[in-house]
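A.B. asks: Below is the structure I would like to discuss, written out as structure tokens.
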Ligand SMILES: NC(=O)c1ccc[n+]([C@@H]2O[C@H](COP(=O)([O-])OP(=O)(O)OC[C@H]3O[C@@H](n4cnc5c(N)ncnc54)[C@H](O)[C@@H]3O)[C@@H](O)[C@H]2O)c1
């Protein structure tokens, strides 16, 4: 059943990634290897998941690409920006996520992915000191230079469409300021006035992407597109935006495990999450102002799943703590511990311990692919503004907090939203209620 309202994914899809570090180079290497048939894109919903369409005797289980037109891996062209000049091959080697035998077969293609100079401000990530950085007069000039990069990349690579994905370091926390972040006009005025305190470099990337007709995805917990000015710009340009923060390891577990406690009506008195992490992401997050951004994102998950106001006997005043510790020997192989203090019948306490020995970039790479392909799909389907159906992939899903909207963090409700969006874009009825 082809939906006439979705433009088919024809031609090249340019995927321009801000940051060419561990996550991006693992993502790119995996896509290039997969399309040569040398690796499997495990963990990617767009490549594997099958969902039901139709009901009763007519029901069928289909992959997303058989329900609606999704860009083929063969049509992706990668571009990037980074503070360091290393190309994608050098970056993949330096990050030590993948073995050389899994990188070398696509060495030639990776070497051609050379980062544009970054739109960067050291005040936003003090621990980075690369010099592949643009020289900018003010924040508007920064955005204009990024726009020029996007136009050049699109023309040089003969791309039909572009998606911009942020997989760069987490910036310092930028609180939403009503005066600056409320409207496109106030944001543009601040960019022209070079208000470096309120306009993060990431906002310049997002502004540039939307102005150039490209959806923008925020994979870090940065404020960036999570402000009314960007929602307005996305409406004006009729483009999708999504964020924030890839939901990879500990928060994925949390948003999948908390429903067990909630569904079973068990009580919660505390949830302590801690991690050790040794890659460059961990190094940047070792800076308190950068960690603050991550902490706000990670903390938001439980409160909308186990809601004190709805079940005061079970969820009042539980203690929720999240810690990230920089520990170089582990590099990208993060280890997360969750200690969950629950209580049952008559208030008797119990504990659950979860120890996740994960690989950060191995978990993030398929999310990059899915977010990019589904944002491109959303744009072709004429969807614009915040893409709530992508909440499934994100730790801190964007929502209109100015209207008191509560984000959906419950993994299985998010999955229902995702499936229904695919069904609808494919011309089928959305048929599962979120309750
Ligand atoms: N891997 C995961 O599980 C996971 C989960 C959620 C979020 N994230 C986020 O994804 C991002 C990338 O993670 P990573 O492990 O690849 O980090 P990384 O440090 O290996 O790579 C980030 C790259 O971004 C570059 N960069 C920083 N600021 C930039 C700018 N303004 N313009 C262009 N490039 C810039 C850095 O030089 C670096 O090379 C981080 O923000 C991280 O918090 C990762």
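A.B. asks: When residue 43 is evaluated against the numbered criteria (1) modelled with pLDDT of 95 or more; (2) more than 15 Å from the ligand (Cβ to nearest atom), which criterion, by number, is the only one it fails?
C.D. replies: So residue 43 meets the others, but not (2).
A.B. asks: Kindly provide the set of residues from the stretch 36-65 that are part of a helix (DSSP H, G or I) and within 30 Å of residue 208 (Cα to Cα), ordered by number.
C.D. replies: Hits for the stretch 36-65 are 45, 46, 47, 64, 65.
A.B. asks: Would you confirm whether any residue within the stretch 403-411 is closer than 30 Å to residue 58 by Cα and modelled with pLDDT under 95?
C.D. replies: Checked the stretch 403-411: at least one residue is closer than 30 Å to residue 58 by Cα and modelled with pLDDT under 95.
A.B. asks: Sticking with this one: Please determine, by comparing only the residues of the stretch 9-20 that are within 18 Å of residue 109 (Cβ to Cβ) and buried (at least 19 other Cβ atoms within 10 Å of the Cβ), which one is farthest from the ligand (Cβ to nearest atom).
C.D. replies: 13
A.B. asks: Determine, yes or no, whether residue 38 is touching a residue at least 60 places away in the same chain (Cβ under 8 Å), outside the structural domain of residue 288 (by TED's automatic domain parsing) and surrounded by fewer than 16 Cβ atoms within 10 Å (Cβ to Cβ).
C.D. replies: Yes, satisfied.
Yes/no per residue for (1) outside the structural domain of residue 239 (by TED's automatic domain parsing); (2) within 16 Å of the ligand (Cβ to nearest atom); (3) within 26 Å of residue 299 (Cα to Cα); (4) assigned to a strand (DSSP E or B):
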{"residue": "336", "(1), (2), (3), (4)": "yes, yes, yes, yes"}
{"residue": "346", "(1), (2), (3), (4)": "yes, no, no, no"}
{"residue": "376", "(1), (2), (3), (4)": "no, no, no, no"}
{"residue": "409", "(1), (2), (3), (4)": "no, yes, yes, no"}
{"residue": "412", "(1), (2), (3), (4)": "no, no, yes, no"}
{"residue": "417", "(1), (2), (3), (4)": "no, no, yes, no"}
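A.B. asks: OK, next. Tell me, please, whether a residue that is farther than 30 Å from residue 122 by Cα and touching a residue at least 40 places away in the same chain (Cβ under 8 Å) can be found in the stretch 286-302.
C.D. replies: Yes, the stretch 286-302 contains a residue that is farther than 30 Å from residue 122 by Cα and touching a residue at least 40 places away in the same chain (Cβ under 8 Å).
A.B. asks: Would you mind stating whether residue 32 is in a loop (DSSP other than H, G, I, E, B) and either touching a residue at least 60 places away in the same chain (Cβ under 8 Å) or surrounded by 21 or more Cβ atoms within 10 Å (Cβ to Cβ) (or both)?
C.D. replies: Taking the combined requirement at face value, the residue does not satisfy it.
So that you can scan it fast, the table gives a plain yes or no per residue for (1) near the ligand (Cβ under 9 Å from one of its atoms); (2) part of a helix (DSSP H, G or I); (3) touching a strand residue (DSSP E or B) at 6+ places or on another chain (Cβ under 7 Å):
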position	(1), (2), (3)
248	yes, no, no
252	no, yes, no
260	no, yes, no
270	no, no, yes
273	no, no, yes
276	no, no, yes
283	yes, yes, yes
291	no, yes, yes
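A.B. asks: Starting from the stretch 108-130, keep only residues that are free of Cβ contacts under 8 Å to residues at least 60 places away in the same chain, then list their pairs with residues that are away from the ligand (no atom under 11 Å from the Cβ) and part of a loop (DSSP other than H, G, I, E, B) whose Cβ atoms are within a distance under 7 Å, requiring at least 6 positions of separation or different chains.
C.D. replies: Short answer, once both residue conditions are applied: 111/87; 114/87.
A.B. asks: Follow-up question, since we're still on this one. What is the one condition in (1) surrounded by 16 or more Cβ atoms within 10 Å (Cβ to Cβ); (2) touching a helix residue (DSSP H, G or I) at 6+ places or on another chain (Cβ under 9 Å); (3) within 24 Å of residue 363 (Cα to Cα) that residue 139 does not satisfy?
C.D. replies: Checking residue 139 against (1) surrounded by 16 or more Cβ atoms within 10 Å (Cβ to Cβ); (2) touching a helix residue (DSSP H, G or I) at 6+ places or on another chain (Cβ under 9 Å); (3) within 24 Å of residue 363 (Cα to Cα), the one that fails is (3).
A.B. asks: Identify, from the list 56, 37, the residue that is away from the ligand (no atom under 16 Å from the Cβ), at positive phi and at pLDDT 95 or above.
C.D. replies: 37
A.B. asks: Evaluate the stretch 222-234: report whether one residue or more is touching a strand residue (DSSP E or B) at 6+ places or on another chain (Cβ under 6 Å) and either modelled with pLDDT under 95 or part of a loop (DSSP other than H, G, I, E, B) (or both).
C.D. replies: yes
A.B. asks: Among the residues of the stretch 78-131, which ones are in a helix (DSSP H, G or I) and either within 12 Å of the ligand (Cβ to nearest atom) or under 28 Å from residue 197 (Cα atoms) (or both)?
C.D. replies: 88, 90, 91, 92, 94, 95, 122, 123, 124
A.B. asks: Related question: With the condition kept exactly as written, say whether any residue in the stretch 201-217 is within 20 Å of residue 285 (Cα to Cα), outside any helix (DSSP H, G or I), within 11 Å of the ligand (Cβ to nearest atom) and assigned by TED's automatic domain parsing to the domain that holds residue 25.
C.D. replies: no
A.B. asks: Could you tell me whether residue 239 is closer than 27 Å to residue 376 by Cα and either in the same structural domain as residue 400 (by TED's automatic domain parsing) or more than 14 Å from the ligand (Cβ to nearest atom) (or both)?
C.D. replies: yes
The values are calculated or read from the model by the stated rules, or taken from the named source; none is laboratory data. Because the structure is a prediction, the values reported are computed rather than measured. Heads up, the Cβs are rebuilt from the backbone with ideal geometry, glycines too, and the neighbour counts pull from every protein chain shown.
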